[in-house]
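Notes follow the structure.
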Amino acid sequence: MSTLSITSGGVPLDSASRFSSAASSLPGTAPHVAREPGVKLAVRDLTMRYADGHTALRNMNVSVHAGELVVVLGSNGSGKSTFMKCVVGLNRPTAGSVEVGGRDLVALSGKALREARLPLALISQNANLVKRRSVLANVCCGALGRHRTLATALGRVPREAVEPALSYLDEVGLLHLARQRAGTLSGGQAQRVAVARALAQRPHVLLADEPVASLDPEAADEVMRLLRRLASEDGLAVVCVLHQPELATRYADRLVGLRSGRLEFDRPASAVSSQQIASLYLAEAS
Ligand SMILES: Nc1ncnc2c1ncn2[C@@H]1O[C@H](COP(=O)(O)OP(=O)(O)O)[C@@H](O)[C@H]1O
Ligand SMILES: [Mg+2]
């Protein structure tokens, strides 16, 4: 245990610019991505029509700044996950642009797209940890996109990924569990490890699709506090899909309301009424 504390002691944990400065020095990361001020993610006129003809998103426009936590609300099927998948490149949008670090991801492919996507990290409802491996090994996995070697291809953890991984575990309050098997964690702990694994990607934009959906209220609150802190103190742009309006209004800077694939509102959380939120969940008039 003391070894862990000593090892992590050398890693700065409280620098506001830690993520951007670290990313700017990495090979394969275009310098201008890290230096871009203000807007970290700009989504313009995003439309997604699936192969079966269903249009799940129509002309969606959203910008997210460094230090902001934006919560996306909407009923089941309103297009929230489609939006997140379009942003990270798991869905190829039918139209529109997704700008990260001044580059439109929709216009890129291959190596250029992989590089341009480096500032984005996604966490989802299930932590999806490798249960038989240690917590530390799971967090190190987040850095694999940046350490492509024969050793990583064989599933080994690169030595240089260990110390940062310990600092990310410290950041989410779970350094003491570094050597524990991931399969032994509670749901809330597992989700915080998933956040640490996402941080190992050194993102500027953190996307979370229903990260607290399978957690009890206390664990959900803890994860939301963590996301809030990553935005406020570390300057990440955070976009989070939630189903709990109460958590959304408590933690978000801005609320984005989606209804049938259309943007209903995008306003400061304090300016959105409970009626506006409730209207998102009313059945569509036929
Ligand atoms: N791969 C797909 N092919 C066709 N339709 C899809 C696909 N994925 C999602 N959809 C449809 O798109 C709409 C939005 O889905 P989704 O983005 O998952 O909603 P949400 O996350 O808000 O619940 C739904 O009607 C869903 O059935
Ligand atoms: Mg969804």
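Read-outs: derived from the displayed coordinates by stated rules, not from any lab. Owing to the predicted nature of the structure, the values given are computational and were not obtained by experimental measurement. With ideal geometry, Cβ positions are generated from the backbone for all residues, glycine too; neighbour counts draw on all protein chains shown.
May I ask you to list the lysines whose Cα is less than 25 Å away from that of Lys111, ignoring any residue fewer than eight positions away on the same chain?
Lys40, Lys85
Using the beta-carbon distance between Arg133 and Ser214 and R0 = 25 Å, what value does 1/(1 + (r/R0)^6) give for FRET efficiency, to the nearest 0.05? Don't skip to the end; give the middle numbers.
Values: r = 21 Å, r/R0 = 0.83.
In this case the efficiency is close to 0.75.
What is the sum of charges around Lys80, taking Lys and Arg as +1, Asp and Glu as -1, for the other residues whose C-beta is under 9 Å from the C-beta of Lys80? Numbers along the way, then the final one.
On the way: positive: none; negative: Asp209, Glu210.
Taking every Cβ under 9 Å from that of Lys80, the sum is -2.
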